[in-house]
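Everything below concerns the one structure shown next.
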Amino acid sequence: MDNVLVAEDAQQLAQQVSDHMYGNDQASQGLGMSLGEVAPGQASMSMTVRADMLNGHKTCHGGFIFALADSTFAFACNSRNAPTVASGCTIDYLAPAFEGDVLTAQGVEASLAGRTGVYDIEVVNQNGRRIALFRGRSYRLNGTVLGGIEKK
């Protein structure tokens, strides 16, 4: 039992799992995403739109907006230390994002039942303008994200 870390509560567990996942997430880090607040079933991430993220219209390519929402989804649905993957997702683009915009994605769990969940992610810019709405469906696998961590 010496190697087992014990989380005091669900919030501490969510933070430990997210810190571990972010440390291994080269994709999110490479795109300049930063992890914000996490809680059981919730997460937020931010990313500044760079020149190399612009499409032919000089707006942020939708794939980068999707990646921000998808990464936020991953942190929200794995926050309980149960390894969880996407089973499907959709995104609606509502407004363009431009170079220098700071995009923030806020993800919340809409439903969790058995092995499946539904998560809603809203992406806004630094002025609070809605850029996109993403809905992800998750499927929980066996095991734990962070072995050796147990909730008290």
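The numbers here are math on the coordinates, done by the rules we state, and not lab data. Please read these numbers as outputs of a predicted model, since none were measured by experiment. Neighbour counts run over all protein chains shown; Cβ positions are idealised from the backbone, glycine included.
Helix 62-77 and the long axis of the chain differ in direction by around 20°, with both axes built from C-alpha atoms. Each of the peptides 47-60, 66-79 was scored by the mean count of other Cβ atoms within 10 Å over its residues; in descending order, highest first, they stand as 66-79, 47-60. Computed on the chain, with alpha-carbon pairs under 8 angstrom and 6+ residues apart, the relative contact order is 28 percent. Close amide H contacts of Val145 (hydrogens built in the peptide plane, cut-off under 5 Å, sequence separation of 5 or more or a different chain): Ala82. Whole angstrom only: what separates the Cα centroid of the range 11-60 from the Cα centroid of the range 116-146? Cα centroid of the range 11-60 versus Cα centroid of the range 116-146: 11 Å apart. Label-to-label distance, Ala10 versus Val102, with points set 7 angstrom from Cα along the beta-carbon direction: 3.0 nm. Axis of helix 10-24 versus longest Cα principal axis of the chain: the two differ by about 60°, to the nearest ten degrees.
Kindly provide log₁₀ I(q)/I(0) values, in the same order as q = 0.10, 0.24 Å⁻¹, from the Debye equation applied to equal alpha-carbon scatterers of the range 4-83. The Debye formula, applied to the Cα set alone, gives -0.27, -1.06. Here the label points at Arg129 and Leu141, each 7 Å from Cα along the C-beta direction, are separated by 3.9 nm in the simple model.
Whole number please: convex hull volume per residue, Cα atoms of the chain, in Å³. Could you put the intermediate results ahead of the total?
On the way: hull volume 15.8 nm³, N = 152.
Hull volume over Cα atoms, normalised by residue count, gives 104 Å³.
3J(HN,Hα) along the range 92-101, derived from phi through the Karplus expression 6.51 cos²θ - 1.76 cosθ + 1.60 where θ = phi - 60°, amounts to 10, 8, 9, 7, x, 10, 10, 3, x, 5 Hz, with x in place of Gly and Pro.
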